[in-house]
Ligand code: PEP
């Protein structure tokens, strides 16, 4: 881990009602006051909860982001949310290309690129998720896969915009209930490869881009990931959905 701030965040997916989310945020506010200012927290709730939760975190440094967005500003896209709408809520963070979006909603690398470009155009930070699947890993093409995903995601993104990119490396085989936690050595190698690509694309600017790790992170293994040189923070699912479990991690970082 470099000496930049440590980014720690959670994607709630479709797991909480608004009242559950508000209760969680109330407790997280108390925790946040006791944390080092080297830690930056973010939460990615469901769309209908963005506005109330944005209000609930006022006066704290907890950031709220969206789980997805469309690349167009407006139009006949039933069920979609545009970057302009997110900006109007006062948001500055959007997650793009989570593996579940790719798997269940057929998002491909080109869609991800369109969303990244649109997010940056609207001054939203793009949290770009990449990661190889189990077959890629077995076939030993995990490095090539993440390079390809990231290279396409960052097409037409100039160096002056890369400050607003955060990469989340989330190997698909390590995510969720059927996921197997990755070895820290493996994670370190993948993050080094991602850093290498960012430097190839953006020179010195690529050294600064945060690269988060996500996939079955829990209180027993999180330190092993944070100890890797190119891991700038963690993107946590299940182990952060319960505030007590997240607290255990936050107070040990
Ligand atoms: C995820 O789904 O992005 C994730 C990191 O989940 P988990 O931590 O539960 O594996």
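Brief remarks on what is shown
- Among the conditions (1) surrounded by fewer than 20 Cβ atoms within 10 Å (Cβ to Cβ); (2) out of contact with any helix residue (DSSP H, G or I) (no Cβ under 8 Å at 6 or more places or on another chain), the only one that residue 7 does not satisfy is (1).
- Residue match in segment 195-213 (condition: assigned to a loop (DSSP other than H, G, I, E, B), buried (at least 19 other Cβ atoms within 10 Å of the Cβ) and over 17 Å from the mean Cα position of the chain (by Cα)): no
- Hits in segment 229-253 - residues which are farther than 26 Å from residue 22 by Cβ and within 15 Å of the ligand (Cβ to nearest atom): 231
- Selection from segment 158-177 of residues that are within 10 Å of the ligand (Cβ to nearest atom) and over 16 Å from residue 129 (Cβ atoms): 177
- In segment 86-95, the count of residues that are within 16 Å of the ligand (Cβ to nearest atom), surrounded by 21 or more Cβ atoms within 10 Å (Cβ to Cβ) and either closer than 27 Å to residue 229 by Cβ or at pLDDT 95 or above (or both) is one or more.
- Hits in segment 23-35 (condition: surrounded by fewer than 16 Cβ atoms within 10 Å (Cβ to Cβ) and over 17 Å from residue 7 (Cα atoms)): 23, 26, 27, 30
- Check on residue 123, away from the ligand (no atom under 16 Å from the Cβ), in contact (Cβ under 8 Å) with a residue 12 or more places away in the chain and touching a strand residue (DSSP E or B) at 6+ places or on another chain (Cβ under 8 Å): no
- Boolean, residue 126 is surrounded by 23 or more Cβ atoms within 10 Å (Cβ to Cβ), in a strand (DSSP E or B) and touching a helix residue (DSSP H, G or I) at 6+ places or on another chain (Cβ under 8 Å): yes
- Selection status of residue 220, over 15 Å from the mean Cα position of the chain (by Cα), assigned to a loop (DSSP other than H, G, I, E, B) and at pLDDT 95 or above: yes
- Listed by first and then second residue, the pairs linking a residue in segment 92-112 that is farther than 18 Å from residue 82 by Cα to a residue that is assigned to a helix (DSSP H, G or I), with Cβ atoms under 6 Å apart and 6 or more places separating them unless they lie on different chains, are 99/172; 109/149; 109/152.
- Filtered by the rule that a residue be more than 16 Å from the ligand (Cβ to nearest atom) and not in a loop (DSSP other than H, G, I, E, B), segment 1-23 gives 6, 18, 19, 20, 21, 22, 23.
- Filtered residue count, segment 96-107, keeping only those that are surrounded by fewer than 16 Cβ atoms within 10 Å (Cβ to Cβ) and not in a loop (DSSP other than H, G, I, E, B): 2
- Flag for residue 132 being within 17 Å of the chain's Cα centre (by Cα), within 16 Å of the ligand (Cβ to nearest atom) and in a helix (DSSP H, G or I): no
- The lone exception for residue 230 - which of (1) under 17 Å from residue 126 (Cα atoms); (2) buried (at least 17 other Cβ atoms within 10 Å of the Cβ); (3) under 18 Å from the mean Cα position of the chain (by Cα) it fails: (1)
- One residue stands out among those in segment 178-228 that are touching a helix residue (DSSP H, G or I) at 6+ places or on another chain (Cβ under 9 Å), within 14 Å of the ligand (Cβ to nearest atom) and in contact (Cβ under 8 Å) with a residue 60 or more places away in the chain: the one that is farthest from residue 153 (Cα to Cα), which is 215.
- Failed item, numbered, when residue 157 is tested on (1) more than 16 Å from the chain's Cα centre (by Cα); (2) surrounded by 17 or more Cβ atoms within 10 Å (Cβ to Cβ); (3) in a helix (DSSP H, G or I): (3)
The values are calculated or read from the model by the stated rules, or taken from the named source; none is laboratory data. No experiment lies behind these values; they were computed from the predicted model shown. Heads up, the Cβs are rebuilt from the backbone with ideal geometry, glycines too, and the neighbour counts pull from every protein chain shown.
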